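First up is the structure itself, then whatever we jot down about it.
The values are calculated or read from the model by the stated rules, or taken from the named source; none is laboratory data. This one's a predicted model, so the numbers in the text were calculated from it and none came from an experiment. Backbone-built Cβ (ideal geometry, glycine too); neighbour counts: all protein chains shown.
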Amino acid sequence: MKNYLMTIAAVVATASFTSCSNEVDMFEGISSGKATIDLNITNDNSMNTRAVGDVPDPSNWYITVGTNAQIQVSDLSSQKYNAGTYNITVSNYASEAAAIAANDAYYEGTNENEELKKGSNSVTVACGTAKNCRVKADLTNLVGFNQIADAKLTVSQASVSARELTTANTTGYFYAGTGKTISYTLSYTYTKADNSTVDKSASGSISNPSAATEYQVKVVTNSNGTITLTVTYDTEFTTVTAETITIDAATGEKSSN
């Protein structure tokens, strides 16, 4: 697990994700008697280091100070606040729904009762691990099995558009939490001995998915035409089997063997 410290230099739009300190006083106008914020964000990036794609630039993160409107961190240098106590929230997307729509991890952290004094205030907000979870499909074992073609794993969750996971597009992000059941269906085309084809499918679900957790749905088959779907989950680099479903490739029927 890696821990990243991000210093947001609001006047530099391309602030490094791995910056550790900010030695430049970016703010002027202190004589106005207002408070300004020199923002640092820390987050435990353990899930996203194995994600597809890069973490958004920190300057494009969002911040809400007290009851003020949410703004992007890149606009923070122009903001001045009355001295006082505020709840300060930062996140890498405007909302978790926006992160999931973008098929990405969501990080959010809040400092309650943060005191801002006149002048420049150094504020560090710890976001911790991702608030959502992800499902990753491993269909590579089916590629060499000639009787099975067009395999895909369709993953869905209430209020989230269904995602079709294939060997080319393997990962989808979803909400975590009690009652946030994730359903998945493996579908494929099976070629029978007489060269006719039939479309088959097998389904399963993940109950109460945990935040910052990757659920891996691994699909394997053998020369006897048996397909096994195994769901494992990975949090602290430890993989534990959660569920195994075995089906007959030709019929799509579940088997107890």
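What's the total number of residues in segment 111-146 that are more than 30 Å from TYR233 (Cα to Cα) and of a type outside the set (Val, Ile, Thr)? Break it down stepwise before answering.
Here is the first cut: in segment 111-146, the ones more than 30 Å from TYR233 (Cα to Cα) are 111-124.
Those left that are additionally of a type outside the set (Val, Ile, Thr): 111-122.
Selection size over segment 111-146: 12.
Out of segment 150-161, which residues are assigned to a strand (DSSP E or B) and surrounded by fewer than 13 Cβ atoms within 10 Å (Cβ to Cβ)? Walk me through how you get there before you give the answer.
Kept after step one, since they are assigned to a strand (DSSP E or B), are these residues of segment 150-161: 150-157, 160-161.
Of everything in segment 150-161, those that are assigned to a strand (DSSP E or B) and surrounded by fewer than 13 Cβ atoms within 10 Å (Cβ to Cβ) turn out to be ASP150, SER161.
Here is a yes/no grid of residues against (1) within 25 Å of SER183 (Cα to Cα); (2) of a type in the set (Val, Ile, Thr); (3) touching a residue at least 24 places away in the same chain (Cβ under 8 Å):
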{"residue": "GLY66", "(1), (2), (3)": "no, no, no"}
{"residue": "ILE88", "(1), (2), (3)": "no, yes, yes"}
{"residue": "ASP104", "(1), (2), (3)": "yes, no, yes"}
{"residue": "LEU116", "(1), (2), (3)": "no, no, yes"}
{"residue": "ASN132", "(1), (2), (3)": "yes, no, yes"}
{"residue": "ALA137", "(1), (2), (3)": "yes, no, yes"}
{"residue": "ASN141", "(1), (2), (3)": "yes, no, yes"}
{"residue": "ALA149", "(1), (2), (3)": "yes, no, yes"}
{"residue": "LYS152", "(1), (2), (3)": "yes, no, yes"}
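Checking the condition of a type in the set (A, V, I, L, M) and either in contact with a strand residue (DSSP E or B) (Cβ under 7 Å, 6 or more places away or on another chain) or in the same structural domain as THR178 (by TED's automatic domain parsing) (or both), which residue from ALA97, ALA83, ALA102 passes? Walk me through it before giving the result.
Working: ALA97 fails: either in contact with a strand residue (DSSP E or B) (Cβ under 7 Å, 6 or more places away or on another chain) or in the same structural domain as THR178 (by TED's automatic domain parsing) (or both); ALA102 fails: either in contact with a strand residue (DSSP E or B) (Cβ under 7 Å, 6 or more places away or on another chain) or in the same structural domain as THR178 (by TED's automatic domain parsing) (or both).
On inspection, the qualifying residue turns out to be ALA83.
Within segment 77-129, which strands (runs of 3 or more DSSP E) (wholly inside it) include 2 or more residues that are hydroxyl-bearing (Ser, Thr, Tyr)? Reasoning before the result, please.
Details: elements: 84-91, 108-116, 119-126.
Answer list for segment 77-129: 84-91, 119-126.
Answer yes or no as to whether TYR4 is modelled with pLDDT of 95 or more, crowded, with 16+ Cβ neighbours inside 10 Å and either out of contact with any Asp or Glu (no Cβ under 7 Å at 6 or more places or on another chain) or outside any helix (DSSP H, G or I) (or both).
Details: modelled with pLDDT of 95 or more: no; crowded, with 16+ Cβ neighbours inside 10 Å: yes; either out of contact with any Asp or Glu (no Cβ under 7 Å at 6 or more places or on another chain) or outside any helix (DSSP H, G or I) (or both): yes.
In short, no.
Run down THR232, THR171, THR228 and say which single residue is modelled with pLDDT of 85 or more and surrounded by fewer than 20 Cβ atoms within 10 Å (Cβ to Cβ). Spell out how you get there, then give the answer.
Working: THR232 fails: modelled with pLDDT of 85 or more; THR228 fails: modelled with pLDDT of 85 or more.
One residue alone meets the criteria, THR171.
Pick from ALA137, ALA176, ALA158: which is over 16 Å from ALA102 (Cβ atoms) and in contact with a Pro (Cβ under 9 Å, 6 or more places away or on another chain)? Give the derivation first.
Values: ALA137 fails: in contact with a Pro (Cβ under 9 Å, 6 or more places away or on another chain); ALA158 fails: in contact with a Pro (Cβ under 9 Å, 6 or more places away or on another chain).
Result: ALA176 is the single residue among ALA137, ALA176, ALA158 that is over 16 Å from ALA102 (Cβ atoms) and in contact with a Pro (Cβ under 9 Å, 6 or more places away or on another chain).
Please state which of the following conditions LEU116 fails to meet, knowing it meets all the rest: (1) out of contact with any helix residue (DSSP H, G or I) (no Cβ under 8 Å at 6 or more places or on another chain); (2) in the same structural domain as THR230 (by TED's automatic domain parsing); (3) buried (at least 20 other Cβ atoms within 10 Å of the Cβ).
Only one criterion in (1) out of contact with any helix residue (DSSP H, G or I) (no Cβ under 8 Å at 6 or more places or on another chain); (2) in the same structural domain as THR230 (by TED's automatic domain parsing); (3) buried (at least 20 other Cβ atoms within 10 Å of the Cβ) is unmet by LEU116, namely (2).
How about segment 174-195: which of its residues are exposed (fewer than 14 other Cβ atoms within 10 Å of the Cβ), assigned to a loop (DSSP other than H, G, I, E, B) and either touching an Asp or Glu at 6+ places or on another chain (Cβ under 8 Å) or modelled with pLDDT under 90 (or both)?
Passing the criteria: LYS192, ALA193, ASP194, ASN195.
Within segment 196-218, is there a residue that is modelled with pLDDT under 90, of a type in the set (Val, Ile, Thr), more than 16 Å from the chain's Cα centre (by Cα) and not in a strand (DSSP E or B)?
no
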